[in-house]
Structures are given as C-alpha cells and as structure tokens.
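> Just dropping this structure here.
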Amino acid sequence: MALQRSHARLKTLLGAAVLLIGGAATAPPATAATPLVSSNCVGSVCIVIQGSGLQVTDWQTTAWASSAVCTYADFWVSGVLEGQGSRQCVSAGTELESNWKNTSFPNGTVLCNTWPGINGKACATIT
C-alpha cells in the first residue's frame with residue numbers, strides 16, 4: 001500500500017508538465033527557466049528528479065522492501081556510481097527514501113537509482 005501511495009505522490013508531482021518516454025523526460029532545450037520534473041519506477045525502485053534547466057534541485061529515490069532488508073540507495077550518473085545514501089534496516093512492507101545533493105549535470109546525463117537487495121533500477125535523462 002505504501003508503494004501505491006508513493007506512486008500516487010509521483011504522479012501528483014508530474015502533473016501534465018512532462019512527457020515520459022522510456023523513463024526519460026522530454027522537454028524543450030534546457031534553459032535556466034525550463035522546469036525539470038521526471039519520475040520513473042522500475043520494479044520496486046522509483047526516481048523523482050526536480051529542478052530547472054540542467055540544475056537538479058531534488059533527486060529523490062524510493063524503494064519498496066517486500067521482505068526485511070538492510071540496504072541503501074545507490075546514485076548513478078551516466079553509469080558511474082557517484083554516491084550512496086545512509087544504510088537503512090527495515091521490516092517487510094516498508095518504503096525507503098533517500099535524497100541526493102543539489103547539483104547541475106550536462107545535457108543528456110542519465111541519472112539512475114538502485115537499492116542493493118531490492119529489485120529494480122529506475123532512471124531519468126537530463127534534457
């Protein structure tokens with residue numbers, strides 16, 4: 001049920017501002033005023049990217065633990081592991097959440113999240 005709430009929250013964030021194609025947000029060429037919002041879920045892992053132009057102001061990931069697990073969020077930037085969230089130990093049926101620092105990325109950068117021990121790799125492309 002928490003995963004359903006998370007997915008509903010992601011849909012609310014998106015509104016009608018972004019068209020998702022294969023997990024990547026399509027938008028006009030990036031400028032300082034172009035809003036960036038993208039969301040994608042694969043398996044039990046979700047990613048939400050918010051910002052303006054190429055500046056990411058919030059990179060959030062959630063995961064649904066179907067069994068008891070100790071895990072952490074992996075933050076991937078164009079295939080390179082750039083950071084990890086804090087280790088979290090939870091019981092079955094728990095939603096995990098982690099955020100990455102604000103930063104800017106080059107156009108076309110692919111941001112992904114994984115959680116060791118949880119199925120799924122969710123990605124979004126900065127455009």
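> What are the pairs with Cβ atoms under 7 angstrom where one residue, in the stretch 104-116, is under 14 Å from Y72 (Cα atoms) and the other, located anywhere, is assigned to a loop (DSSP other than H, G, I, E, B) and aliphatic (A, V, I, L, M)? Sequence gap at least six, or different chains.
Here the result reads N113/A73; W115/A73, each pair linking the stretch 104-116 to a residue that is assigned to a loop (DSSP other than H, G, I, E, B) and aliphatic (A, V, I, L, M).
> If you take the residues of the stretch 89-105 that are modelled with pLDDT under 95 and surrounded by fewer than 17 Cβ atoms within 10 Å (Cβ to Cβ), which of them is nearest to G53 (Cα to Cα)?
Step one: of the stretch 89-105, the residues modelled with pLDDT under 95 are 100-105.
Those left that are additionally surrounded by fewer than 17 Cβ atoms within 10 Å (Cβ to Cβ): 101-104.
Working: K101: 16, N102: 13, T103: 11, S104: 9 Å.
Among residues in the stretch 89-105 that are modelled with pLDDT under 95 and surrounded by fewer than 17 Cβ atoms within 10 Å (Cβ to Cβ), the one nearest to G53 (Cα to Cα) is S104.
> Hey, any hits in the stretch 49-64 for a residue that's assigned to a loop (DSSP other than H, G, I, E, B) and modelled with pLDDT of 85 or more? Please lay out each step first, then the result.
Initially, the stretch 49-64 is screened for residues assigned to a loop (DSSP other than H, G, I, E, B), giving 53-54.
Those left that are additionally modelled with pLDDT of 85 or more: 54.
Looking for residues that are assigned to a loop (DSSP other than H, G, I, E, B) and modelled with pLDDT of 85 or more, one finds at least one in the stretch 49-64, hence yes.
The values are calculated or read from the model by the stated rules, or taken from the named source; none is laboratory data. Everything quoted here is computed from the prediction, not taken from an experiment. When we count neighbours, we look across all protein chains shown, and the Cβ atoms used for this are built from the backbone with ideal geometry, even at glycine.
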